[in-house]
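Novice: Input: one structure, supplied below.
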Amino acid sequence: MKVKDINTRKQRHIDFFNPESDTDRLIIIDYSEGVPPRPLLWWEYADDRINWAYERYMRKCESIEWLHDDGVPFLSLVTGTEIFAEAFGCSVYRSLNDNPFAIPFVHTPEEAAKIKIPRIEDTKLTILFDMADKLLARAGKDALLGMPDIQTPMDIAALIWDKNDFFPALYDEPEAVFELSQKIREFMFSFFDMWFERYGTEFIAHYPEYYMPYGITVSEDEIGSVNSDMFHKFFEPELIEFSEKYNGIGIHCCANADHQWDGLIKIPNLKMLNLCRDESTTYKSLSKFKGKCGQMPGCGIYREIPAGVHYSEYHYAQTKEQAIDILNNFNKK
């Protein structure tokens, strides 16, 4: 693996995030030939997950010699959505054929008020730090880490607080919702401040797996279930706060949330937007966010990309031949 090649790929991401740059196309191909199946995302399988992440990293390093996409090799610390909710007291359902997820335990404002901000060292999140340390010791300190699945504080609150009661509370008990989301936000800031101090500011986003030289990346899905007024009241402030604190943000959303586009476009220093909807809806978003950020739609776009849009794609490839075909087809666009 050539360091020069890695740095070139990183710089292409940095240029892509600049709406005024001529670098307006990126493609990342997740080439998986020779990579063992991913272990279950249970804490008990930490060693297996380390081995899998290392093998995946090595395959990507090797593929750089012949696969000239924009992917940057990294050490994956992929998780389910449950990790921060679990830290606040949620039990976790661990499926044998899917990612683990948190089980809500709060139903009333009174129960929410009793929740305390945990200490990181008292949570299972310490296992992530241990995994990261072991992976870097194995791959070298200059290897990049992939972020765990990061939900926003409001989305995590909706995991902790049963949604049958959470959404009515947005109207009836807004202060209780604000109080819980503030506790989550304070805890998350402590976690990521520690993470960036320990491992540096550059990383690979949880999903899609693009490079960030700094900033934060989050999944924001509950905005599909609320109106625009609720977005501006509860969700927008924390997205702005995350972006301003870490000097940039990438947002993934797989909800039907086109009614929130006017709010999302106002988020400062938005670097990448990943909207996972149908092709017709997603195509409209390309022009909407043109000049604002890079875009990596969650579905294939089969029409001509509007001029001026910084457009990227993420693909899976199981063989070398498939990976090369995907790259060739993309380069024809």
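Novice: Do the conditions hold for GLU244, that is, is it under 30 Å from ILE6 (Cβ atoms), without any contact (Cβ under 8 Å) to a residue 40 or more places away in the chain and assigned to a helix (DSSP H, G or I)? Let's see the steps before the verdict.
Specialist: On the way: under 30 Å from ILE6 (Cβ atoms): yes; without any contact (Cβ under 8 Å) to a residue 40 or more places away in the chain: yes; assigned to a helix (DSSP H, G or I): yes.
Here the answer is yes, as GLU244 does meet what is asked.
Novice: Can you name every residue in segment 29-63 that is touching a residue at least 12 places away in the same chain (Cβ under 8 Å) and in contact with a Pro (Cβ under 7 Å, 6 or more places away or on another chain)?
Specialist: Residues satisfying the conditions are LEU41, TRP42, ARG49, TRP52, GLU55, TYR57, LYS60, CYS61.
Novice: List the strands (runs of 3 or more DSSP E) inside segment 1-104, counting only whole elements, that have at least 3 residues being within 21 Å of the chain's Cα centre (by Cα), modelled with pLDDT of 95 or more and crowded, with 18+ Cβ neighbours inside 10 Å.
Specialist: In segment 1-104, 25-31 are the strands (runs of 3 or more DSSP E) which contain 3 or more residues that are within 21 Å of the chain's Cα centre (by Cα), modelled with pLDDT of 95 or more and crowded, with 18+ Cβ neighbours inside 10 Å.
Novice: Which count do you get for residues in segment 126-156 that are under 18 Å from THR79 (Cβ atoms) and in contact (Cβ under 8 Å) with a residue 40 or more places away in the chain? Outline the logic, then answer.
Specialist: Step one: filter segment 126-156 for residues under 18 Å from THR79 (Cβ atoms), giving 126-136, 144-153, 155-156.
This time we only want the ones that are in contact (Cβ under 8 Å) with a residue 40 or more places away in the chain, so: 127-132, 134-136, 144-153, 155-156.
Total meeting the criteria: 21.
Novice: Also, I was wondering about something else. As an exercise: evaluate ALA137 against (1) closer than 22 Å to GLU82 by Cβ; (2) loosely packed, with under 14 Cβ neighbours inside 10 Å; (3) modelled with pLDDT of 95 or more and give the number of the one condition it does not meet.
Specialist: All conditions pass for ALA137, except number (1).
Novice: For segment 215-234, give me the residue count where each residue is of a type in the set (D, E, K, R), under 18 Å from GLY250 (Cβ atoms) and in a helix (DSSP H, G or I).
Specialist: Residues that pass the stated criteria total 1.
Novice: Ok, one more. Could you list, in sequence order, the residues of segment 166-211 that are charged (D, E, K, R), farther than 17 Å from ASN247 by Cα and assigned to a loop (DSSP other than H, G, I, E, B)?
Specialist: GLU173, GLU209
Novice: Restricting attention to segment 105-133, which residues are more than 15 Å from ILE184 (Cβ to Cβ) and buried (at least 17 other Cβ atoms within 10 Å of the Cβ)?
Specialist: Hits for segment 105-133 are PRO109, LEU128, PHE129, MET131, ALA132.
Novice: Evaluate segment 247-256: report whether one residue or more is in contact (Cβ under 8 Å) with a residue 12 or more places away in the chain, more than 19 Å from ASN18 (Cα to Cα) and assigned to a helix (DSSP H, G or I).
Specialist: Just the residues of segment 247-256 that are in contact (Cβ under 8 Å) with a residue 12 or more places away in the chain, to begin with: 247-256.
Checking the rest, the ones that are also more than 19 Å from ASN18 (Cα to Cα) come to 253-256.
In the following step, the residues that additionally are assigned to a helix (DSSP H, G or I) were identified as none.
No, segment 247-256 has no match at all.
The values are calculated or read from the model by the stated rules, or taken from the named source; none is laboratory data. Remember, it's a predicted structure, so these values are computed and weren't measured experimentally. FYI the Cβ positions are ideal-geometry reconstructions off the backbone, even for glycines, and counts take in every protein chain you see.
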